[in-house]
1. Take the chain, connect every pair of alpha-carbon atoms lying under 10 Å apart with a spring to form a Gaussian network, then pick out the residue of GLY151, GLY262, GLY42 with the largest mean-square fluctuation.
2. Taking springs between alpha-carbon atoms closer than 10 angstrom, which of GLY285, GLY255, GLY271 fluctuates most in the Gaussian network model of the chain?
3. Please give the calculated 222 nm ellipticity per residue for the chain, where each DSSP H segment of at least 4 residues contributes -39500 (n - 2.57) and the sum is spread over every residue; nearest 500 deg cm²/dmol?
4. Could you please state, rounded to a whole Å, how far the C-alpha centre of the range 313-344 is from the C-alpha centre of the range 273-309?
5. What residue among GLY161, GLY220, GLY340 has the largest mean-square fluctuation in a Gaussian network model of the chain, using Cα springs under 10 Å?
6. Along each principal axis of its Cα atoms, how long is the chain end to end? Whole angstroms, biggest number first, please.
7. Note down the nm distance, to one decimal, between modelled labels 7 Å out along Cα→Cβ at ALA286 and at ASP37.
8. How high is the FRET efficiency between GLU96 and VAL193 when r is their beta carbon distance and R₀ equals 35 Å, given to the nearest 0.05?
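The values are calculated or read from the model by the stated rules, or taken from the named source; none is laboratory data. Bear in mind the structure is a predicted one, so any value in this text is a computation, not a measurement. Methodologically, a virtual Cβ is constructed for each residue, glycine included, from the backbone with ideal geometry; neighbour enumeration extends over all protein chains shown. Remember, those area values only see protein heavy atoms, side chains included, never the ligands or the DNA or RNA. Shrake-Rupley method; radii C 1.70, N 1.55, O 1.52, S 1.80 Å.
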Amino acid sequence: MPTTGDPLARRYRRLLFCHPRAYRRARADEIVGVLLDAAPAGRTRPTPREAANLIRHGLRCRLGRPASRTVGVWATLTAVICGLFTAALATRAAWETSAPQPDRAETAAVFAAVLPGHELGDVDLAPALFTFYSQPLTVRALDNLLLGDGGEYQQSAVVAGPAGPPRMSADETLALAQRRLRETGWQVYAPTVRSNPGCVDKACVPVVTITDTTLLARRGDTVLQLHVAAPPSPDGSHLSLTLSRTAPPAVLPAGVAGGLLGAALGWLVFGWASRRTEAAHPARGAVSVLLAITLFLWWTPVLLTVPSLLRHHRAEPHPTWHPLWEWLGQPAGSLLFAVGAASALLTLALAAVPRRSPLATTAVG
C-alpha cells in the first residue's frame with residue numbers, strides 16, 4: 001500500500017477524487033502505487049500530463065458505460081447548458097449590485113447639459129431594474145411570462161422628452177448633442193439611422209418617410225440614448241433621451257463562477273444517472289428518451305437566439321451587451337425551459353429507481 005505520508009502520494013490521491021467513490025475504494029492504492037513506482041526519486045508533485053490524464057480519466061469514469069462512444073457527448077451537452085443556466089442566474093443576482101436607476105434630478109442635469117436651449121418635459125422614471133411591460137415583475141405576471149411574452153422582460157430605463165415644439169432641426173439637434181456629449185466626458189458612438197413610413201399629424205395625410213436617428217453614449221456606469229426623428233412631430237415626440245445603467249462589475253466574476261459550478265454539478269449528476277442506469281435498470285430506455293427531450297428543449301432557444309443577437313450586436317453599437325439570459329433565449333423561451341426542467345427532474349427520479357436484482361440461482365443437489 002502506498003505510504004500516506006508521502007507528499008507525492010497525497011497529491012496523486014487528491015487527483016483521484018475525480019473518480020467515483022467505489023472506483024477509488026477498489027483501485028486507488030493500486031493506481032497510486034504504479035504512479036509512485038514510475039516517478040523518479042525526489043519528485044514531490046505530479047507532472048501536468050499526469051494530472052491532466054488522471055482528471056480526464058476520472059471524469060470519463062464517472063460516466064460509466066465504457067463501451068459507449070456518445071456518452072461523453074451527451075454529458076458535455078448537459079454540463080455546458082447547466083453551466084450556462086447557472087451563469088445566467090448568477091449574473092441576474094449580480095445585477096442587484098447595480099447603482100440605482102437615474103432619478104429626476106440626475107436626468108434633468110444630463111438633459112440640460114446635452115441639450116441646452118431645450119426645456120425638459122415629462123420624465124418617466126424606472127420602477128425597477130428590470131421590468132415586464134414597464135412594470136416590476138410579479139407572481140401574477142408569471143403566466144404571461146411563460147406563455148409567449150417573456151421577451152417583454154427587459155432592463156428598464158428613464159425616458160425624458162422636451163416640452164413644446166422642436167427648437168431646431170434634427171441635424172442641428174444631433175450636432176449639438178454630439179458636441180456637448182464629448183465636452184462633458186461621454187464616449188460617443190456612431191449614430192444609427194432608420195427610415196420608415198409615418199405621420200407628422202393626426203390626420204396622417206400625407207404619409208411621409210420618418211428618419212429616426214439613435215445616438216448612443218456612455219459615461220461611467222450610465223448609458224445615454226438620444227432618439228431624434230425627422231421631420232419632427234408637433235407634440236415633441238420627435239426627441240427623447242433615455243438613461244440606463246451598464247452591467248455592474250460583479251456580473252462577470254459571478255457569471256464565470258456560477259458557470260463553472262453549474263457545469264461541474266451538471267457533469268456529476270449526469271454521471272450519477274448514467275452509472276445508475278448502465279446495468280439492468282427498469283427505466284433505462286425512458287431515461288435516455290427524457291434526457292434527449294430535456295436537451296432539445298434547453299438547447300433549441302440557445303441555438304436560435306445566439307445567431308440573431310450576434311447579428312444585432314454587429315449591426316449597431318452596444319455600450320453594454322445584452323444580459324446573458326437573453327443570449328440563452330430566456331425568458332422568451334421560459335416555457336421550453338420549464339418543461340425541460342420537469343423532464344430533467346423526472347429523469348433523475350427514474351434513475352433513482354432501484355436496479356433489478358439478478359435472479360437467484362437454485363443449487364441442484
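1. Its mean-square fluctuation being the largest, the pick is GLY42.
2. Among GLY285, GLY255, GLY271, the largest GNM mean-square fluctuation belongs to GLY285.
3. -15500 deg cm²/dmol
4. After rounding, the separation between the Cα centres reads 19 Å.
5. Per the Cα network of the chain with a 10 Å cutoff, GLY220 tops the list.
6. 106, 54, 31
7. 4.8
8. After rounding, the FRET efficiency stands at 0.45.
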